[in-house]
1. Which value, in nm² and rounded to one decimal, describes the direction-averaged projected area of the C-alpha convex hull of the range 1-148?
2. Take the range 187-300, compute every pairwise Cα distance, and split them into 10 Å bins from 0; I just need the percent in each bin.
3. What's the FRET efficiency of residue 125 with residue 149 using the Cβ-Cβ distance as r and R₀ = 41 Å, to the nearest 0.05?
4. Please determine, in degrees from 0 to 90 and to the nearest 10, the orientation of helix 34-51 with respect to the longest principal axis defined by the Cα atoms of the chain, where the helix direction is its Cα long axis.
5. Dividing the alpha-carbon radius of gyration of the range 113-158 by 2.2 N^0.38 Å (N being the number of residues), what value is obtained?
6. If contacts are Cα pairs under 8 angstrom and at least 6 residues apart, what is the relative contact order of the range 105-289 in percent?
7. Just to verify a number: FRET efficiency for residue 260 and residue 58, C-beta to C-beta distance, R0 = 35 Å, to 0.05?
8. Given the C-alpha centroids of the range 272-286 and the range 63-91, what is the distance between them in whole angstrom?
């Protein structure tokens, strides 16, 4: 009895050492990947600016000083002022909350819904025919056009922007999860669990779902970036975040009217969009290299 307990303790210590070594190896590989590190730095800086926005500016994004309209960047106004005399730095910083908040919310919602749809579609053939045909129908429309149509039906509100973009991107995530789940479903150990009488819920969520997390996490970073771009496009067209609430898209809309007289109104929100999307895409590419061994072998 004591020998069995000792062996069990040794096995537990051995597994703990393996898991610790795996974590160390992942951290080492993470920091040795230039794409992941660069993307992480850009994302962290963007998030810091988003969270610490009120502390970085002495102005509010709604404070109008008509006598100071269209002032060039200076010590008083780092990014200049807009056509209503509002501090552009404050509006860009506060606009990051709307744009990044929408992108993050859409990435989380689509990941959850897409995972559920993809897993059940891969496991149940009857559901697969129904759910995938619905996804195919939604994917037949260009993302921006479908988002505009949904916003026209729902109304201009930031919550509706999240709902519309979640409906647009969920089919794409479901397809990715389904593809990964179909491969796992055909594995021998899944067939063995079915033969032993394991429940469908246990097989789906206990064994298939964990093996689809890697592609899901990577794809979610790209959804995050795409959601920021489309939210900016919707706000630019006037069907996204409603004025006077700041968003990178509606700041660009205000700037296009005076682009030849006040270049800073389009330059700074444009750079903010480019940097955030670039950071997310670099992070996603690097994360794919870390989590997908087939990609690493192909590159070598």
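FYI, it's all coordinate maths here, none of it is from the lab. This structure is a prediction, so every number in the text was calculated from the model and none was measured. Quick reminder, even Gly has a Cβ in these numbers, built from the backbone with ideal geometry, and neighbours come from all protein chains shown.
1. Details: hull surface 70.4 nm².
The Cα convex hull of the range 1-148, projected and averaged over all directions, gives 17.6 nm².
2. Over the range 187-300, the share of Cα pairs per 10 Å bin runs 13, 26, 21, 18, 13, 7, 2, 0 percent.
3. Values: r = 31 Å, r/R0 = 0.77.
Here the calculated transfer efficiency is 0.85.
4. 50 degrees
5. Values: Rg = 13.5 Å, N = 46, 2.2 N^0.38 = 9.4 Å.
Expressed relative to 2.2 N^0.38 Å, the Cα Rg reads 1.44.
6. Numbers: 221 pairs, mean separation 46.5, N = 185.
With pairs under 8 Å counted, the relative contact order is 25 percent.
7. Numbers: r = 29 Å, r/R0 = 0.84.
About 0.75, to the nearest 0.05.
8. Cα centroid to Cα centroid, the span is 28 Å.
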